[in-house]
Amino acid sequence: MTPLTAAESYLQDFHQRQVGVTSAAFAHLPAHSSTATWASSYAVLSDLVPVGNNPLTVLDLACGDGYLLGLLAARQQSQLQLLGIDMSGAELAAARAALPASVRLRQERAQALDLPSASVDYLVSHMALMLMDDIEQVVREMRRVLRPGGQFAAIVGRTFLLGEVNEVFMRVFKPIASTELPPLRFGDRRAGSEAGWRALLNAGFADVAFDDIDVPWSPTPGELWTALLDTYDIDRLDDDARQRLRGAFLEAAAPLQAGDGLIATGWGLRAVRARAA
């Protein structure tokens, strides 16, 4: 592979230490939009791939531990060809252990896919594209490997935490991050907005559409903090800064607890869909 950027090197190290962290966070939580409900945010993507006997090739870009590919493989559609690409060898090893041998897995960067042009019918990606460097090249590669009329669908971040706890967390996090968090840029800001995605997809895609996807969750403050430890910025803090953030956050979040001790929150996601023109 091409030498990794600083952000990619960190992400590779993180996923070497915490294999399967993304599916652990999202696979067990239902997701919903204003018009539909799914078993998880992964199911938002798997449900877009048709069930049937027609030959289809599906690429999961940044497939991680293969959870989305597993949902598709469980259908046992004889004409469904599944391919997963990720830059993390550790995540791919976990995927290989969990998936049927018929699922092809390759360690590559999204900016340089070793795939024939116009060879993919559906390209899906879960919680990864907003982290990628040189997103314009990623989009060019996505369009190159998709057949004309092929479908692209991704789940990306929309907001960090749902509800009032997001403001509370940011209020205690930002002062610590401003002095204690080493600078490191993840991805492209355009991948965080609908307008940005429209601009990125303008050249090679049509029928661009979006859905706000909420993944509600009601943890205790302690459970929420444990989940936050698996986020990149908190992982990058040193132990002292992380402990100061923990104390400040748990104190600030305590008034948000309901009578049962839980906090109403969750994750705010966005589904991006488009057709290869």
### Message
Looking at (1) part of a loop (DSSP other than H, G, I, E, B); (2) out of contact with any Phe, Trp or Tyr (no Cβ under 9 Å at 6 or more places or on another chain); (3) closer than 21 Å to Leu99 by Cα, which one does Thr2 not meet, given that it meets all the others?
### Response
(3)
### Message
Against the definition (under 26 Å from Leu162 (Cβ atoms) and in contact with a strand residue (DSSP E or B) (Cβ under 8 Å, 6 or more places away or on another chain)), how does Ser33 come out, yes or no?
### Response
yes
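So that you can scan it fast, the table gives a plain yes or no per residue for (1) among the charged types (D, E, K, R); (2) in contact with a Ser or Thr (Cβ under 7 Å, 6 or more places away or on another chain); (3) at negative phi:
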{"site": "Leu61", "(1), (2), (3)": "no, yes, yes"}
{"site": "Arg75", "(1), (2), (3)": "yes, no, yes"}
{"site": "Gly84", "(1), (2), (3)": "no, no, yes"}
{"site": "Met87", "(1), (2), (3)": "no, no, yes"}
{"site": "Ala90", "(1), (2), (3)": "no, no, yes"}
{"site": "Ala95", "(1), (2), (3)": "no, no, yes"}
{"site": "Glu108", "(1), (2), (3)": "yes, no, yes"}
{"site": "Ala128", "(1), (2), (3)": "no, no, yes"}
{"site": "Asp133", "(1), (2), (3)": "yes, yes, yes"}
### Query
When residues of region 59-89 are filtered for being of a type in the set (D, E, K, R) and touching a strand residue (DSSP E or B) at 6+ places or on another chain (Cβ under 8 Å), how many remain?
2
### Message
Suppose we filter Asp212, Asp207 for residues that are among the charged types (D, E, K, R) and either within 15 Å of the chain's Cα centre (by Cα) or buried (at least 16 other Cβ atoms within 10 Å of the Cβ) (or both); which single one remains?
### Response
Asp212
### Message
Given (1) farther than 14 Å from Ile85 by Cβ; (2) crowded, with 20+ Cβ neighbours inside 10 Å; (3) among the charged types (D, E, K, R), identify the lone condition not met by Asp134.
### Response
(2)
### Query
If you take the residues of region 163-183 that are touching a residue at least 12 places away in the same chain (Cβ under 8 Å) and surrounded by fewer than 14 Cβ atoms within 10 Å (Cβ to Cβ), which of them is farthest from the chain's Cα centre (by Cα)?
Arg171
### Task
Only helices (runs of 4 or more DSSP H) wholly contained in region 168-277 count here; list those with 2 or more residues that are among the charged types (D, E, K, R).
194-201, 232-236, 239-253
## Note on the structure
Going through (1) crowded, with 18+ Cβ neighbours inside 10 Å; (2) free of Cβ contacts under 8 Å to residues at least 12 places away in the same chain; (3) of a type in the set (A, V, I, L, M) one by one, Ala199 fails only at (1)
### Query
Mind checking which residues of region 24-50 are assigned to a helix (DSSP H, G or I) and either at pLDDT below 95 or under 22 Å from Phe210 (Cα atoms) (or both)?
Phe26, Ser41, Tyr42, Ala43, Val44, Leu45, Ser46
### region 219-265 - residue that is of a type in the set (S, T, N, Q) and under 27 Å from Leu184 (Cβ atoms) and, of those, surrounded by the most Cβ atoms within 10 Å (Cβ to Cβ)
Thr265
### Task
Determine, yes or no, whether Ala62 is in contact (Cβ under 8 Å) with a residue 24 or more places away in the chain and in contact with a Leu (Cβ under 9 Å, 6 or more places away or on another chain).
yes
### Task
Scan Asp60, Asp65 and give me the residue that is of a type in the set (Asp, Glu), buried (at least 16 other Cβ atoms within 10 Å of the Cβ), part of a strand (DSSP E or B) and under 17 Å from the mean Cα position of the chain (by Cα).
Asp60
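The values are calculated or read from the model by the stated rules, or taken from the named source; none is laboratory data. For clarity, every value in this text was computed on a predicted model and none was experimentally measured. Cβ sites come from the backbone with ideal geometry, for glycine too, and all protein chains shown count toward neighbours.
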